[in-house]
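The values are calculated or read from the model by the stated rules, or taken from the named source; none is laboratory data. If you're wondering where the values come from, they're calculated on a predicted model, not measured in any experiment. Every residue, glycine as well, gets a Cβ built from its backbone with ideal geometry; the counts of neighbours run over all protein chains shown.
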Amino acid sequence: MANNNPLAETTFVQSGDTRRSAKISRETISAIAVAVLCVVLLLGARFVSPSLGSWSQVETVLILGSFLVVLSFGQGLVILSGGLDLSLPAMITLGGILATNWIGSSDPGAWYLLPIVLLVCAGVGFLTALGIVILRVPPFIMSLAMSIIVSSALLGYTKGTPRGAAPEMAIALMKGSVFGLPAPILFTIGFVILGWLIQSRSIFGRYLYAIGTNVEAARIAGVPVFTAQVLPYVLSATCAGLVGIMLVGYSNGATLRMGDDYLLPSIAAVVIGGSSILGGRGTFLGTVGGALLLTTLGTIISAIGLEFGLRTIIEGAIVLTALLLLREELFQKLGSLWK
Amino acid sequence: MSEVLPNEASTSPAPVMGSLLRQLTQGAGLIVILYVALYAIYGYLQPRALEPYAIAALMNNTAPLALAAAGQTFVVLSRGFDLSLAGVISICNVTLAVVPIEGPGGAALSVLLCLAIGASVGAVNGFLVAYLRLQSIAATLATMIICQGIALVILNAPGGFVAEWIVYEMTDRLWGLVPVSGLVVLSVVALWLMLRRTDFGVAIYAVGADEQAASLSGVNVRRVRFGAFVGAGLLYGLAGFMLSAQTATGNPNSGTPLLLLTFAAVALGGTSLAGGRGGLFASVIGAATLTLLQKVLFSTGVSSFYTGIFQGAVLILAVVFSTAISRIGEEK
């Protein structure tokens with residue numbers, strides 16, 4: 001399959017021993033490990049600086065983490081189905097710029113345009129998916145090409161300087177509070193539950209695991225392969241557009257580079273959360289843990305005051321470590337030691 | 001085995017009619033024709049484009065992308081993807097801007113420094129992919145992030161000056177006619193044409209086409225993969241050197257814009273992204289075509305805002321087209 005080519009180098013992995021218990025424990029273990037690491041980091045941060053590790057910092061991490069949680073849900077679905085979505089930065093910017101340009105702050109009655117903004121993002125995601133599924137362009141090339149096409153179109157559309165202010169809906173979502181709890185945290189909790197239901201409890205989710213493991217086998221087994229391959233990209237683009245709207249609500253405006261810093265973390269969150277970059281394995285709860293862990297690390301590192309370059313190096317090292325730890329062979333070796 | 005071997009138009013003897021199609025599908029023939037046609041349009045739009053000065057300027061613009069695309073070809077041929085070039089080129093660029101060494105000796109030292117940087121990162125990539133069996137996209141994504149961080153640590157904002165000798169001599173023309181940057185690219189192509197005939201050159205194609213078959217035929221797959229990444233790294237180092245000569249200043253993000261374009265250049269050159277088929281010369285011409293396309297768009301008055309739309313569209317079309325044409329070639 002052409003769309004599997006970039007990810008097909010190390011697919012000679014044996015999956016002979018697929019005892020159910022072993023499979024479940026592997027994913028659960030990495031999800032739990034990530035969650036525990038998060039808490040340890042937050043508590044341990046108290047030793048670095050007393051202002052860290054407080055409830056207000058937990059709140060900050062949850063609010064900042066909400067962007068990454070929503071974003072990496074879409075990225076996670078794409079990776080699960082055996083692809084990769086590199087168009088997220090452009091889609092975030094698309095959502096943000098359309099929200100400020102079409103809606104702005106002047107007309108609170110124009111809230112109905114928000115779903116339309118998301119629909120536009122979904123449409124672009126659909127085009128990306130068509131290129132991958134029908135034209136057989138490798139996923140990372142197609143999404144990268146779509147990314148520069150959308151960025152370039154936005155650059156021309158805004159003439160280089162985005163105008164407009166954040167819509168009130170977006171501000172209410174990111175800055176408001178319900179029953180004394182910050183609205184973005186409640187929203188994230190709702191989103192996580194919904195995402196978990198979609199990925200782990202729906203038929204669509206099962207289809208993704210099936211095509212991510214083996215497209216041909218899934219086709220023979222009667223999985224609607226076309227729909228299952230296209231929908232992840234549509235959902236991923238929609239999630240990215242939503243993140244754009246959230247970012248606009250959070251920072252009161254859009255910039256042309258607002259999405260740039262989110263691509264690598266979105267992939268890193270999925271990988272750290274225990275998903276296979278090859279597709280077919282991983283849980284959304286693990287990804288949520290990965291996203292929160294990355295955000296926690298980010299806030300702690302910036303609180304310590306490390307310069308941007310060192311932060312980038314640490315980020316890369318974390319991704320590399322996660323990749324090395326999640327290697328197939330390592331788990332097989334551990335499994336054989338167990339026996 | 002002979003089917004996976006390259007058949008580049010530039011080196012093969014006079015083509016027999018029967019192999020003409022294969023010349024087009026597997027060699028650089030198609031992309032060379034495209035390049036010449038585009039250059040004719042450019043010459044028509046800008047009559048001054050054919051003067052030595054304009055040609056040298058175009059070569060100087062082309063060289064960094066052409067060298068980076070040549071490096072990418074190594075990895076793609078052996079069935080992999082290399083994202084680390086964005087980081088390697090950035091590190092080389094900021095290093096040359098922070099530590100300018102004057103004079104011809106300094107330039108030689110600088111080239112060696114860039115090659116060493118490229119080879120080290122390439123060796124890390126090769127180790128991760130060939131020996132630890134990580135996914136090439138994922139592994140090089142991680143090394144790219146780390147390298148970008150290192151570049152930021154060396155120089156955290158655009159600035160600095162590249163040694164004047166490098167800036168002037170590497171972008172100059174020999175005898176007022178032959179651009180030095182063109183010669184650098186040409187010598188890389190010549191080296192490749194020699195390398196291609198060696199065991200290592202053949203093994204790269206074999207590994208890319210069918211890893212298991214290559215392994216069974218006695219090819220040391222790991223060593224070949226490792227070598228491909230190191231070779232790619234060396235070329236990225238050279239690309240970083242030539243980019244610094246052209247921009248004359250340092251920028252910790254200077255390599256990033258080249259990343260996507262190398263894939264576009266490789267795909268335009270007809271090298272299969274699934275590995276095992278294509279060639280370095282075709283990628284170099286592919287890179288030249290992309291650079292020329294920007295010039296042509298500019299001279300037709302398209303706003304530079306929209307350059308990305310054309311680049312993205314060309315990339316998608318190139319991949320679709322090269323997949324389709326290689327499928328025709330296989331059926332033949």
_Please determine whether any residue of the range A:127-145 is away from chain B (no Cβ under 14 Å) and part of a helix (DSSP H, G or I)._
no
*Evaluate the following for residue B:138: is it surrounded by 15 or more Cβ atoms within 10 Å (Cβ to Cβ), farther than 20 Å from residue B:278 by Cβ, modelled with pLDDT under 85 and small (Gly, Ala, Ser)?*
yes
*Pick from A:165, A:153: which is among the aliphatic types (A, V, I, L, M) and away from chain B (no Cβ under 14 Å)?*
A:165
_Spans of helices (runs of 4 or more DSSP H) in the range B:38-143 with at least 1 residues within 11 Å of another protein chain (Cβ to nearest Cβ) and of a type in the set (Gly, Ala, Ser)_ = B:85-98
*Specify which of the listed residues (B:276, B:227, B:218) is part of a loop (DSSP other than H, G, I, E, B), in contact with a Ser or Thr (Cβ under 9 Å, 6 or more places away or on another chain) and surrounded by fewer than 24 Cβ atoms within 10 Å (Cβ to Cβ).*
B:276
*asked:* Can you confirm whether residue B:208 is touching a helix residue (DSSP H, G or I) at 6+ places or on another chain (Cβ under 9 Å), assigned to a helix (DSSP H, G or I) and away from chain A (no Cβ under 12 Å)?
replied: no
*With respect to the numbered conditions (1) modelled with pLDDT of 85 or more; (2) touching a strand residue (DSSP E or B) at 6+ places or on another chain (Cβ under 6 Å); (3) of a type in the set (Gly, Ala, Ser), which one is the sole condition not fulfilled by residue B:244?*
(2)
*Out of (1) surrounded by 13 or more Cβ atoms within 10 Å (Cβ to Cβ); (2) modelled with pLDDT under 65; (3) over 28 Å from residue A:246 (Cα atoms), what's the single condition that is false for residue A:19?*
(1)
*Which ones in the range A:213-234 are among the hydrophobic types (A, V, I, L, M, F, W, C) and outside any helix (DSSP H, G or I)?*
A:221, A:223
*Right, residue A:142: within 27 Å of residue A:288 (Cα to Cα), modelled with pLDDT of 90 or more and not basic (Lys, Arg) or not?*
yes
_Meets criteria (buried (at least 20 other Cβ atoms within 10 Å of the Cβ), in contact with a Lys or Arg (Cβ under 7 Å, 6 or more places away or on another chain), among the small types (Gly, Ala, Ser) and touching a residue at least 40 places away in the same chain (Cβ under 8 Å)) for residue B:90_ = no
